[in-house]
Each structure stands twice: as C-alpha cells, then as structure tokens.
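My questions all concern the structure below.
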Amino acid sequence: LFVHVSAYVFERIDISSMKNHHICMAAYIAASGALLNASGAFCISGDHNCTNLLQTGAKSNAARGAEVARGFEIYCETCCNGVDDCLDVEACAGGGLPTGKYAFVFSYTGKPPEKFLPFIQGAANQTDGSSTFDLILIMTHEDAKQLDAQQKQRMEQYNVQLKEVDWAVPPNMKFHPKENWCGNQDFVRLHVFALEGYDAVAYYDTDIEFQGDVTPVFRCAARGHFLTTSGGAQEALNIGFFATKPNPQLLQAALAFAREANFSKETGWGGSGWDPNPDYYVGGECGQGFFHHLIYKQGQQASQMAFKEAGLVPGSLVAQQIDRCVWNYQTQDDCWRLFGFDCSKVRAHHKPPRPLGHPGECLKFGQH
C-alpha cells in the first residue's frame, strides 16, 4: 500500500515547477513519512518488529526531510557506520575556529611511483580565509632514499615537506604477516596522529583528486571530531581518507592496540567483531579493519585497554563518519540517485581511476 500511494503522491508533485530541488525533495519525504505512519494499520505481525520498523522509518523520513530542507543531503544512505547518520560537515565546520593551521598529509612506502603526487596541485590550491595549509609527505628513512631528482623537484615546486619516520608497521605488532599483506602502506599513516602543531590534519591517498572545497573537513576535525568515510566495496571504513586533531596519545593507543590485539577473519581485531558489517570486508586485516576497530569500537575491551594505556578515556574520541559520495567518492554505488546524483557535489574523488562504462559515474577531471 505504501509503495503505491507514495508513488501516487510523488506523481502529483510537479517537479518542473519546483525552483528549489531541496524543497521538492523535502515535500516528498514529508509525504512519505506521513504515509508510512498511516500504513501502520495494515502492518500484520505477531510481535513488535513491524511497529518498530514503521516508527523507525517515519522518524528517519522526518529527519531526512528536515535535513534536505536546510540544504544538507545524505547521498549515500546507510553508508555511515551502517545507518543514516552521516555528520553534516558544513554545519560542524561552521561552529569551528575562524582561522587555523592545518596540514594535508600523504604517504608512500617502497619505491615512489613514476606518477608522483599526481593531484598535489588541487591540495595546494585549497584556501580558507587566513588559515594556512601545509603539505606533508610521510615516508620511512629507507624509502625516502629512493626519491629521485624529478620527484624532489616536484615536492619543492609545491613546498611539500618530507616527514621521515622510523617504521611503517608498528614495532612489536602482534599480527604481522610476512607476505601478501597491505600493512606497510596502511600503517605508516598512523604517524599522522602525532603531527603536533596543527589544529587539524587530513590524510588523503595520493590518487584522490580534489574537485571542490574540502576545507570544512579541517575546521570540523579541529573541533575534536575524528572523521572517516565508509568504503565503496562495503567496507566499514576506507583508509584512503581520515581527518583528526593530532594527539600523540592517540598514536600511543594505536601502538598498544597493535601490540596486544590479534586478528582473525572470524572475529576481527581483538575479538571485537565486524559490526556494522555482517563479517569480514576487504582490507579488514590491514588499516581499514584496524582503524575501525580501534577508533569506532571504543566500547570493546581491546580498544578500551589501548586507550587507557595511552592515558585516554575510552569513548573520549568523538569518531564520526561523513558522506563518501561527497568527501571521498568511490564509484556511484550507493550514492543517492532518486533525482540522479549530481557529480558537481563531489569534493574529493577517489575512485574509479578511469571510466568504467556506467552512464552515471562521476569521473576525474579530464575523463569526461
């Protein structure tokens, strides 16, 4: 009944007469919420599951309508820790510092690639009033020796600072496969946690292209939020981006977690499970699982012990996720497409690296 009546109402909304897309969407969602409530009389169930589902859906639609009406849209439904609770980055940033000292951070392990820092100009061009933005490249001492003259010249051209570190994988890490493991490239970015002197820092994979203003991420993170997005392959977290207010104690917590927490495909890191995913996801044995278990499972024993050892109160780090369709785009999968996803909404484009043939796919500049 809800589907048929909802479709009828939607057909009566004259989209062409709506000058404001947000108003149109808000009207439809409000109508949907009312119809969902009304449909409760036709829900037949022997327990309370049906009632709970209707109440949850009505509340979600009401909240969604309010968000759309004020200009905040969630394009990737259920992509933020498995539910529709993506943080409004712009609103968060609006309550932050008027100016700040920030840093974009990148990393390489092993021999640096020929296509070196391909999108560094997009980061260098980011501005936000009188705020300053440094560009930092993290490499181990040994890997940094492999930088050639052309790569060093490119770093000098964009004033990229080289931050050499002692390790890529945390010393004494309990789970440390010797081969076929993405640990080195993932765990070297833990050093980002201890980059003192900045109000906030944001790590980006070097294959992420900046297609819009990403500075709100920094202002939001400077308020104490640890920000990530989920992954395009249904991972709970994509390790290609995160933003945080640096704190050496957080690095110490990560080192303690690495030392004590083992990994298994059945139970994750430290036996903390895979929630919100039903089971293992790609990269779970590397940074994607490690970061999510440590940061987003502060109620679990493994994370609690690591935080306490570092002198942090478990639960004190405010970890939230933001819409990956906007802030870390990874293919059109799951991006909200009732009206067709507008690719101009993408601020940071991660994947695909080349056209895949989908007519609605958002591409990197120059691929259109």
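Please go through segment 151-165 and give me each residue that is within 15 Å of PRO112 (Cβ to Cβ), open to solvent by 80 Å² or more (accessible area, probe 1.4 Å) and polar (S, T, N, Q), ordered by number.
Result: GLN153, single match.
Based on what the data block shows, is ALA168 without any contact (Cβ under 8 Å) to a residue 60 or more places away in the chain and open to solvent by less than 20 Å² (accessible area, probe 1.4 Å)?
Yes: the conditions hold for ALA168.
What is the one condition in (1) buried (at least 17 other Cβ atoms within 10 Å of the Cβ); (2) closer than 16 Å to PHE242 by Cβ that LYS351 does not satisfy?
Going through (1) buried (at least 17 other Cβ atoms within 10 Å of the Cβ); (2) closer than 16 Å to PHE242 by Cβ one by one, LYS351 breaks only (2).
Could you tell me whether segment 223-240 includes any residue that is more than 21 Å from LEU87 (Cα to Cα), in contact with a strand residue (DSSP E or B) (Cβ under 8 Å, 6 or more places away or on another chain) and among the aliphatic types (A, V, I, L, M)?
no
Looking at (1) in contact (Cβ under 8 Å) with a residue 12 or more places away in the chain; (2) of a type outside the set (Lys, Arg); (3) part of a loop (DSSP other than H, G, I, E, B); (4) on the phi < 0 side of the Ramachandran plot, can you tell me which one VAL313 breaks?
Only one criterion is unmet by VAL313, namely (1).
Taking ASP143, is it at pLDDT 95 or above, more than 19 Å from HIS350 (Cβ to Cβ), part of a strand (DSSP E or B) and open to solvent by 20 Å² or more (accessible area, probe 1.4 Å)?
In short, no.
Also, quick follow-up: Of everything in segment 254-290 that's within 17 Å of LYS174 (Cα to Cα), of a type in the set (Phe, Trp, Tyr) and not in a helix (DSSP H, G or I), which residue is least open to solvent (accessible area, probe 1.4 Å)?
Within segment 254-290, the match that is least open to solvent (accessible area, probe 1.4 Å) is TRP269.
Looking at LEU147, LEU135, LEU190 in this structure, which one is within 23 Å of the chain's Cα centre (by Cα) and free of Cβ contacts under 8 Å to residues at least 40 places away in the same chain?
Criteria check complete, one pass: LEU135.
Here's another thing I want to ask about it. Can you confirm whether PHE307 is open to solvent by less than 20 Å² (accessible area, probe 1.4 Å) and either among the aromatic types (Phe, Trp, Tyr) or in a helix (DSSP H, G or I) (or both)?
yes
Still on this structure, please answer the following. Can you tell me which residue in segment 188-220 is most open to solvent (accessible area, probe 1.4 Å), limited to those that are closer than 23 Å to ASP143 by Cα and of a type in the set (Val, Ile, Thr)?
THR206
Check segment 205-213 and report whether any residue there is in a loop (DSSP other than H, G, I, E, B), polar (S, T, N, Q) and closer than 27 Å to GLN304 by Cβ.
no
Can you name the number of the only condition in (1) under 18 Å from PRO177 (Cβ atoms); (2) out of contact with any helix residue (DSSP H, G or I) (no Cβ under 8 Å at 6 or more places or on another chain); (3) of a type in the set (Gly, Ala, Ser) that GLY299 fails?
Every listed condition holds for GLY299 apart from (1).
OK, next. Just need a number here: residues in segment 109-126 that are open to solvent by 20 Å² or more (accessible area, probe 1.4 Å) and either assigned to a loop (DSSP other than H, G, I, E, B) or within 20 Å of VAL165 (Cβ to Cβ) (or both).
Within segment 109-126, residues that are open to solvent by 20 Å² or more (accessible area, probe 1.4 Å) and either assigned to a loop (DSSP other than H, G, I, E, B) or within 20 Å of VAL165 (Cβ to Cβ) (or both) number 10.
Still on this structure: Can you find even one residue in segment 89-107 that is acidic (Asp, Glu) and either over 20 Å from the mean Cα position of the chain (by Cα) or assigned to a loop (DSSP other than H, G, I, E, B) (or both)?
No.
Right, next: Only residues that are under 20 Å from ASN238 (Cα atoms) and either open to solvent by less than 60 Å² (accessible area, probe 1.4 Å) or touching a residue at least 60 places away in the same chain (Cβ under 8 Å) (or both): list them for segment 176-187, please.
Within segment 176-187, TRP181, CYS182, GLY183, ASN184, GLN185, ASP186, PHE187 qualify.
The values are calculated or read from the model by the stated rules, or taken from the named source; none is laboratory data. Keep in mind that what you see is a predicted model, and the values were worked out from it rather than measured. Every residue, glycine among them, receives a Cβ derived from its backbone with ideal geometry; neighbour counts consider all protein chains shown. Surface areas here come from the heavy atoms of the whole protein model, side chains and all, with no ligands, DNA or RNA. Shrake-Rupley method; radii C 1.70, N 1.55, O 1.52, S 1.80 Å.
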